[in-house]
Amino acid sequence: MKKIRSGISSSLAAEHQKQRRRRIWLVPLGFLVILFLWVSVNRRSFTAEDLAMGYSYILYQLPLLNVVLLPVMTAVIASRLCDMEIKGNTLKQLYTLQKRSSFYDWKFIHELKYLLAFTIGEGIMIPLMGAFCHFTQKLPLPLVFLHVGTTTLVSLVLLTLQHFLSLMSSNQILPLLVGLIGSFLGLFSMFFPPSAARFVLWGYFSAFTPFGMDYDSRTRVMSFYKIPFPVETFVLFILFGLFFFVICRTVFLKKEV
């Protein structure tokens, strides 16, 4: 047990030491600022009716914004944390000191730390937005927790992909390009038929949104309605995420250096 604890602490310390002064925490913070500014820009145009359904509006908008922003954010985080070993071509030397599996897992855990900072921060930001914009609607706390959970799940799967690509690529342009293309694919997938949209990994943020929207073009009035949570899709996505992680990890461990 002491040997295991010692190995864990040394791996954590090594990763922490490598990321010192890189200020990667600015990445999730910057994306949170973008989200807050997006909502704040529309603050002055909110009517009394808008304020009465303010949280419904936020919980409808955030998954759509996450479709665009989070594929890029996960790509940047994975690239920033993996480029040191890739650019320095130090993997062969590193494997003499640390197991491949340990390196892969602890690198992923460090990336996860920044991802959780964003998703939890986004959840905290929802009531702060409500207070800032003076929403009169009661805060639907269970839906906020649901939003944080589903956002974290989808982001984890995207991070698995970006983590794998960043470690497999000699140039970090490819993983970043995949994140950017995924952002556009996720956005366009919202206009695809459901049978086609289910194959677009980056579009699942909107698949778990708790609200839908109706818009009357004549009166220019929008209204929101609750969408039943797709439990079956959620469970299948979890199983897919686990399977996908195992596949990516196995392929990396068999890669020749």
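The values are calculated or read from the model by the stated rules, or taken from the named source; none is laboratory data. Keep in mind that what you see is a predicted model, and the values were worked out from it rather than measured. We place every Cβ from the backbone using ideal geometry, glycine too, and count neighbours over all the protein chains shown.
Just checking, which of L153, L158 is surrounded by 15 or more Cβ atoms within 10 Å (Cβ to Cβ), closer than 19 Å to Y104 by Cβ, at pLDDT 95 or above and hydrophobic (A, V, I, L, M, F, W, C)? The unique qualifying residue is L158.
With respect to F234, determine if the residue is within 20 Å of V148 (Cα to Cα), modelled with pLDDT of 95 or more and aromatic (F, W, Y). Give the steps one after another, and end with the answer.
On the way: within 20 Å of V148 (Cα to Cα): yes; modelled with pLDDT of 95 or more: yes; aromatic (F, W, Y): yes.
Criteria met by F234.
Being touching a residue at least 60 places away in the same chain (Cβ under 8 Å), surrounded by 17 or more Cβ atoms within 10 Å (Cβ to Cβ) and within 20 Å of G149 (Cβ to Cβ) holds for only one residue in F208, F164, and it is F208. Of everything listed in (1) modelled with pLDDT under 80; (2) surrounded by fewer than 17 Cβ atoms within 10 Å (Cβ to Cβ); (3) of a type outside the set (S, T, N, Q); (4) part of a helix (DSSP H, G or I), the single unmet condition for E85 is (2). Looking across region 170-229, the residues that are of a type outside the set (F, W, Y) and in contact with a strand residue (DSSP E or B) (Cβ under 8 Å, 6 or more places away or on another chain) come down to P210, G212, M213, D214, D216, V221, M222, S223, K226, I227. When region 111-163 is filtered for residues that are of a type in the set (K, R) and not in a helix (DSSP H, G or I), only K138 remains. Taking region 217-254 as the range and being assigned to a helix (DSSP H, G or I) and touching a residue at least 40 places away in the same chain (Cβ under 8 Å) as the test, the residues that pass are F234, F237, I238, F240, G241, F244, F245, C248, R249, V251, F252, L253.
Would you check if L65 is at pLDDT 90 or above, aliphatic (A, V, I, L, M) and in contact with a Phe, Trp or Tyr (Cβ under 9 Å, 6 or more places away or on another chain)?
On the way: at pLDDT 90 or above: yes; aliphatic (A, V, I, L, M): yes; in contact with a Phe, Trp or Tyr (Cβ under 9 Å, 6 or more places away or on another chain): yes.
Spelling it out, L65 is indeed at pLDDT 90 or above, aliphatic (A, V, I, L, M) and in contact with a Phe, Trp or Tyr (Cβ under 9 Å, 6 or more places away or on another chain).
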